1. Could you tell me whether the range 250-266 includes any residue that is modelled with pLDDT under 85 and either touching a Gly at 6+ places or on another chain (Cβ under 9 Å) or hydroxyl-bearing (Ser, Thr, Tyr) (or both)?
2. Of the residues that sit in the range 349-378 and are in contact with a strand residue (DSSP E or B) (Cβ under 6 Å, 6 or more places away or on another chain) and not acidic (Asp, Glu), which one is farthest from Met76 (Cα to Cα)?
3. Can you tell which of Lys231, Lys238, Lys227 is surrounded by 13 or more Cβ atoms within 10 Å (Cβ to Cβ), closer than 16 Å to Gln307 by Cα and not hydroxyl-bearing (Ser, Thr, Tyr)?
4. Could you look through the range 89-107, keep only residues that are touching a helix residue (DSSP H, G or I) at 6+ places or on another chain (Cβ under 9 Å) and assigned to a loop (DSSP other than H, G, I, E, B), and pick out the one that is farthest from Lys12 (Cα to Cα)?
5. Here is a check on your reading of the model: is Ile294 under 20 Å from Ala308 (Cβ atoms) and at pLDDT 85 or above?
6. What are the residues in the range 28-37 that are without any contact (Cβ under 8 Å) to a residue 40 or more places away in the chain and more than 22 Å from the chain's Cα centre (by Cα), if any?
Amino acid sequence: MVAGTAKQDVKKALVVGGQGSFVKEKLSKSLSRHGVAVSVHLSWDKRRPPSKLPKDIDLVYICTDMVGHGLSVPCMQYARDLGIPYVNGTRKWAESLERLTQAGFPLIDPATALPEIIDEVVSSRPPGTKPTGADLRAVAIAYMGDVAKAEAMLDTVYNETTGMVDVKPAPTLKPVSTIINAALPFLPASPTPAPLKDNDMTAVNAIPDNRKEAHGLNNPKQQAYLKALIKTPCLMNKELWETLQTQTQFTYCKLDPQRAATAREQLGIKVTRSNGMRYIDIELEKFLETAETIKVKYTLPEAHYEQADTTVPPMKAAPAPAAAPGAAPNPIDQLIDDMKVEAPRRTVLELLAELRYAMKEENYTEIHVTEGGIEYKRVVVETGKLAF
């Protein structure tokens with residue numbers, strides 16, 4: 001019998017982060033394959049963490065890419081203190097499946113669950129692409145229900161000729177199930193989407209859902225971000241959202257920083273900041289190629305822009321190093337205070353970029369920020385004469 005196929009009692013999970021609709025429609029279904037039911041959900045917009053965990057919880061599942069540290073860190077600490085397993089899950093099924101298996105929650109019925117999981121992977125991948133090493137690894141782990149056994153005993157190979165994934169036991173392992181020796185349809189060939197017409201979304205809407213990858217050029221929302229940046233490449237996130245939020249498809253939505261960052265990358269727009277200035281360099285070839293691919297009219301932009309950076313104050317010069325380590329006041333406290341003033345107008349990525357710049361300027365090698373305080377490592381250069 002494949003590990004993990006034995007009948008199990010349903011375990012209860014506390015889910016931390018994620019939207020209610022995502023947890024209800026997608027995550028609950030995925031966790032049920034592992035014998036886990038969502039008992040309590042703390043939404044990603046919850047401002048304060050709970051004072052304690054709910055009773056009778058068997059698992060704490062953190063939606064790491066859909067939650068802030070202020071909510072997730074306390075819940076993880078509660079789980080550690082109580083000895084309850086916790087999993088840092090993501091929207092990438094291969095990663096979450098492996099982490100759930102490592103935590104003691106393998107698939108309860110691989111034969112039934114895997115075809116559905118594979119369909120999800122196929123629908124989320126761009127046309128014509130092959131499965132990644134992580135995808136193949138996850139298939140093996142799903143079959144065995146054990147990470148170590150999967151690595152040691154299974155041979156998982158993508159067959160380019162058939163477009164199938166062959167999962168075979170190693171020669172030293174007796175066949176544990178007929179499904180192990182079967183080849184699963186993992187990434188069948190898919191047709192190339194039809195080209196788009198000018199100002200016509202019919203072609204986009206006609207593409208099946210499994211061809212609309214989240215940040216791909218065929219995704220309607222991604223196209224809206226691209227069109228706004230094609231028109232004005234130097235838009236900041238706040239200005240970009242002001243041009244988008246009036247559109248019907250963005251009703252009840254918020255700016256998606258990741259989608260905006262991807263759009264800039266697709267257009268070859270690189271943004272850098274220095275001394276209170278914002279510099280935008282455009283890779284014109286990439287810009288024109290993307291604009292022509294989505295059939296958007298454009299005016300040839302300049303390759304370089306310079307403008308005052310109104311989102312962040314100019315960085316202060318680094319103070320002179322102290323004569324002795326620890327003698328000088330900690331400038332990170334001032335940096336955090338400065339960041340708090342502007343925080344409502346900036347994204348997390350922008351704050352991290354500024355912090356990274358400050359660390360380099362002031363010789364900090366590590367900074368760990370928690371609710372309990374800030375720990376850091378700093379390089380201090382001392383000069384002097386040695387007596388012989």
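1. Within the range 250-266, one or more residues are modelled with pLDDT under 85 and either touching a Gly at 6+ places or on another chain (Cβ under 9 Å) or hydroxyl-bearing (Ser, Thr, Tyr) (or both).
2. Restricting to residues being in contact with a strand residue (DSSP E or B) (Cβ under 6 Å, 6 or more places away or on another chain) and not acidic (Asp, Glu), the top hit is Asn363.
3. Of the residues listed, the single one that is surrounded by 13 or more Cβ atoms within 10 Å (Cβ to Cβ), closer than 16 Å to Gln307 by Cα and not hydroxyl-bearing (Ser, Thr, Tyr) is Lys238.
4. Among them, the one singled out is Lys92.
5. So Ile294 fails the test.
6. Ser32, Ala37 - these are the residues of the range 28-37 that are without any contact (Cβ under 8 Å) to a residue 40 or more places away in the chain and more than 22 Å from the chain's Cα centre (by Cα).
The values are calculated or read from the model by the stated rules, or taken from the named source; none is laboratory data. If you're wondering where the values come from, they're calculated on a predicted model, not measured in any experiment. Quick reminder, even Gly has a Cβ in these numbers, built from the backbone with ideal geometry, and neighbours come from all protein chains shown.
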